[in-house]
1. Over chain A, calculate the relative contact order: mean separation of alpha carbon pairs under 8 Å at least 6 apart, over the residue count, as a percent.
2. Quick one: check the C-alpha center-to-center distance for the range B:170-221 versus the range B:1-61, whole angstrom.
3. Can you work out the Karplus-derived ³J(HN,Hα) for every residue in the range B:96-112? Use 6.51 cos²θ - 1.76 cosθ + 1.60 with θ = phi - 60°, whole Hz, and x for glycine or proline.
4. Got a sec? Charge dipole of chain A, +1 on Cβ for Lys and Arg, -1 for Asp and Glu; which of A:VAL22, A:GLY72, A:LEU108 is way out at the positive end?
5. Determine the dipole magnitude for the range A:86-129: charges of +1 sit on the beta-carbon of Lys and Arg, -1 on that of Asp and Glu, nothing else is charged, the reference point is the Cα centre, and the result goes in debye to the nearest 20.
6. Specify whether the C-alpha gyration tensor of the range A:86-129 places it in the rounded, prolate or oblate class, a ≥ b ≥ c being the square roots of the eigenvalues: rounded for a/c under 1.5, otherwise prolate if a/b is larger than b/c and oblate if not.
7. Give the B-A buried accessible area in Å², both sides summed, 1.4 Å probe, nearest 100.
8. Taking chain B as a Gaussian network, where each spring joins two C-alpha atoms under 10 Å apart, which residue of B:ASP143, B:ASP250, B:ASP22 fluctuates the most?
Amino acid sequence: MIEFHLDRGSGVSTYLQLVHQVRHALRLGALRPGDQLPTAREVVESLAINPNTVLKAYRELEREGLVEGRPGQGTFVRRTLGGATLAEHTRLRRGLEQWVRQARGAGLDQDDLNALFTAVTTDLAKEDIA
Amino acid sequence: MTPVLETTGLGVRYGRTWALRDCSLAVPRGRVAALVGPNGAGKTTLMHTAVGLLKPSAGQVTVRGEVAFVAQDKPLYDGFTVAEMLTFGRRMNPRWDEEAARDRLGRLGIPLERRVGRLSGGQQAQVALTLALARRPALLVLDEPLANLDPLARHDVMRAVMAEVAAHELTVLLSSHVVSDLTDTCDWLIVLNGGRAQVSGDIEDLLDGHRVLTGPAGLAEGVAARTRVVAASGSGRQATLLVRDRPVLDPRWSDRRPGLDELVLAYLRSPGSAALPGPARQGVGA
């Protein structure tokens, strides 16, 4: 089950934060088809937010075809997001973990890691376009 | 959708002073309405009228269903134990959900045998809320429910209220001085100023319907001529305007959606501005 959290200073509206967190969990395989999302009541009991905000987020996810509401039962995941299969995901993740360990060993901190990762992905994206 | 709380031309007079005047607003079912305004704006008067503690001097107020009220000075007796408060509530109210009340207090870890005066501020707030909810109201009216509570207790009280809204189709009217407490919890906004309703509407619609414009002070007058300016401020060369609608602008202006706090402050600073719909009838998702 996904556990939502809020970043109140982010400037991103609350319902979109919930939508993003579900999409993120789908990409990472933390949520899979058939999994149930928490009920509106469960979310508001942990986050102290208006239930209509949760329902709005779920409606948006439903509109995108990612989840479906089953009357009387709850909201369930319909499909995953992201290009790779779960096996590929796991393999790539292991590779990335190895790379991160090497980078840490070389003295890079979290910000250095993020900067390097972003720079490389951006550069490669540019090459693809060119 | 039929509003749970509706006032039309409501006025309340104390002697020769009008505490509330020509106030027409409506809160649809299932909404959590924030009531904000400076001291003396008429917030408590409006709440007292809604719960039947005050009679209107003019106009009318309609509540569809049971109403429960938690006053700012929590209506508890310090010498009573929590269990005695429950007994008191049960005897005073024909509609009373004892099981739900005991269940809530149990989950909150509030001992029934403890005297109310020996509970923490947060626990007292929870007991007052439990007693109000045990009456299974359609409308819950809370006067400054978060005043004098620490941040953890504020969060806990709002969690409890939100869970009730999710579980039963409860409508809530709550007043607060702290706008940040209302962000994310309330979905309806009522601004009272000088005894008059200045704003009443769905918060998302209100935020979508206003823009904050920042640009050269020299161009501010031209923009003001083409749009409805709620409030303007500025320092030297730069002007900031909070406006209704979305005007087509010179590229030297930047614009963005306001935050709830900005919107509330802009209206409070400009008592002459108002954002009131016709008779408000829209409900959730309308």
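1. Relative CO of chain A lands at 22 percent.
2. Result: 18 Å between the Cα centres.
3. Along the range B:96-112, the couplings run 8, 9, 4, 4, 4, 5, 5, 5, 4, 5, x, 5, 7, x, 9, x, 5 Hz.
4. So the residue furthest toward the plus end is A:GLY72.
5. For the range A:86-129, the charge dipole is close to 280 debye.
6. Cα axes put the range A:86-129 in the oblate bin.
7. 1300
8. For chain B, modelled as a Gaussian network with Cα springs under 10 Å, the answer is B:ASP250.
The values are calculated or read from the model by the stated rules, or taken from the named source; none is laboratory data. Remember, it's a predicted structure, so these values are computed and weren't measured experimentally. Quick reminder, even Gly has a Cβ in these numbers, built from the backbone with ideal geometry, and neighbours come from all protein chains shown. In case anyone asks, the SASA skips ligands and DNA or RNA and just uses the protein heavy atoms, side chains included. Shrake-Rupley method; radii C 1.70, N 1.55, O 1.52, S 1.80 Å.
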